[in-house]
1. Amide H of residue 141 versus every other amide H placed in the peptide plane: which residues, excluding those fewer than 5 positions away on the same chain, fall under 5 Å?
2. Which percentage, to the nearest 5, of the DSSP beta bridges contained in the chain is antiparallel?
3. With N denoting the number of residues in the range 28-235, provide Rg(C-alpha) divided by 2.2 N^0.38 Å, to two decimal places.
4. Going by amide H atoms built from the backbone, whose H comes under 5 Å of the H on residue 375, apart from near neighbours?
5. Taking the Cα centre of the chain as the origin and placing charges on Cβ (Lys, Arg +1; Asp, Glu -1), which of 118, 401, 190 is farthest toward the positive end of the dipole?
6. Taking a ≥ b ≥ c as the square roots of the eigenvalues of the Cα gyration tensor of the range 434-629, is the shape rounded (a/c under 1.5), prolate (a/b larger than b/c) or oblate?
7. State the extension gain, in nm to one decimal, for the chain segment bounded by residue 520 and residue 393, taking 0.36 nm per residue of separation less the distance between their alpha-carbons.
8. With charges set only on the Cβ (+1 for Lys and Arg, -1 for Asp and Glu), what does the dipole of the chain come to about its Cα centre, in debye to the nearest 20?
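Bear in mind these aren't lab numbers, they're just calculated from the coordinates by the rules spelled out. Worth saying up front: this structure is predicted, and the values here are computed from it rather than measured. Cβ placement follows ideal geometry from the backbone for every residue including glycine, while neighbour counts extend to all protein chains displayed.
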Amino acid sequence: MIPEKDRSWSEINLDHFEYNLEQLKSLLNNSENFMQIVKADAYGHGAFEIAESALRNGAVMLGVANCDEGMLLRYQQVNCPILILSPSFSDEISKIVNNNLTPSISNLDFAINLNNYCVSLNKEIMVHINLDTGMGRSGIEAEFAMDLIRSVINLSNLKIEGIFSHFAASESDLLFTQKQTNRFKRILDSLNFKPCYIHISNSSGVVTAENDFCNLVRFGILSFGIYTSKTIREKVDIKPVMSFKSRLSQIKTAKVGESIGYNQTFVTNRPLRYAIIPVGYADGYDFMLSNLSQVLLRDELCPVIGRISMDMIAVDISGVPEAQVDDIVTLLGDHPDEITAENLATLYNGSSYELISQIGRRAKRYFLKDDKIKTSEPILRRDFVSSDFPDTKLNLVIESAITQRLQSREVANLVYDEILRKLFADKDKDISYRKDFKHEIVFTESTEFPEYYRTTTTLQFNKKITHDYFYVVCANSSSELARYFLRNDVEYRWLLDENVLLSEKMFTITDARINGIPLDYNIKVNNSCLEIFFTSEKIKDLIGQEVNFSISTETFYPRKNHQLTVYISELTKGVHISFKHVKNAENIEIIQIFSGQKKFPEIISENNILLIKTSSNEWIFPNSGVVFAY
């Protein structure tokens, strides 16, 4: 099932995970929902896949430790409510709000800063109040809880969605758990409102603690199939979700009296056949398991001998005479009991939480469903987050990814150099594009200038506005017009026929608006180019927003020319170009020069009007266009 090239790997059994959820859900009352805890990469199991599986099986919310974990899930398109369980810092507020995360509140100063930021955006945010009822960790102390809650209620843009606390010893101390429950309930009874969510039970609390006033529980360690006490084992049946495996990389024989591993902590008292496994404590297999643990090889348990090294483990395989190099070995798994996480942690008085969170750091992770590989995650870095990389490194990643996908370095270099590098040339440049580009052109006879057609145009498109002004530029030559292509305050560039006189008489603005707001403008000739400057005091508040540009003109086009060209000079999404000539449309030839998702957009001829259009979702690359020949 697993590709043989892997030195080590983790297997995450999603069927076991879903089985565990069903067992835990059976302990809930009809009013209780559950939140799936996916902090610390879902305790080393893979936050994204665990989150998806939990949501499919009824989770109403996810719990993470910090803002970065929540951001990563948003980056992976997880859209459900996500609660940050730990206290957040004020400098994380913008990331919390902009990623629609739900912070926990245990400090009034943070709440005030959060509210001020939300007020500046005219946005409300849900929060959960975190109470310390005896854990002694995060949360507001019980005696100050009501003061904090009243203060938060008075903050205009914060809405208390939940109030929660956390059990300190629900798997082992039922008396203290009940004290915490009573403290929590006393605070809730003092409220004059009922939050949408009330929660205190962690995994063990779901099994051991009873209350009738909470409506949300948090599934954590038990959902991953790891027992926290003998009491829990007796009350719920769960299955380990994670296995950690590797292969025998070498087989050796030691004589009597030879030592194996660092500092001679294991010395043979008999001839010994042993093997090397190419993982160690750098892979999360704890150093404290040295000379204590066992691994599973061909259904036989083999003792770990000597100190666990950073990258290697030695195991006694004298009980498995048929063992060979490349044989699969299980270091952590669901059977037998000797290799389960809780039993391994017991060997050195450690924590099963810690063990599973760190295991397999250098291993590829495979997610299994119905005994088949559903998907996998790469070694070391589980997920790619572009903001983690500096520009130079990110450029290399992009080039490498394109090469890998296209299986051609030459083609990848072409894509990168000719398209992407231009976009990346200035990292501070606001990369924008046009949407719903419409250009309507009408030719009619001219009595004022018989050798010209009177030409009326209406140009419309949507785009983010970056200034409280913009230019439209006309020129008779492409070389003159090229000087304006790198300027982000020039919204449109007209390449006119070389015989058209650049003057206000030959090029007139009949209407110009942004979002329907009339614009002021003036026209001047500058170095053989006609510059039209547009502005309005009313558009300052629109800077940074997507707006609708609308520009109507009247020009004169030489009759002796027998073609008209419309260029698409910027990245554009959705194109609608129409042309009406005094001549019959049937006598006009259309030459399309489009690069993008479609090389030949739809052509419609109706009422002597020729229309070339794409859907609003289709991209058109720069240097595209259409030629009307008549």
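1. HN-HN under 5 Å from residue 141: 132.
2. Antiparallel: roughly 70 percent of the beta bridges in the chain.
3. 0.99
4. Excluding prolines and chain starts, which carry no amide H, the hits are 367.
5. Of the listed residues, the answer is 401.
6. oblate
7. Length difference between fully extended and current span is 41.2 nm.
8. I would put it at about 380 debye.
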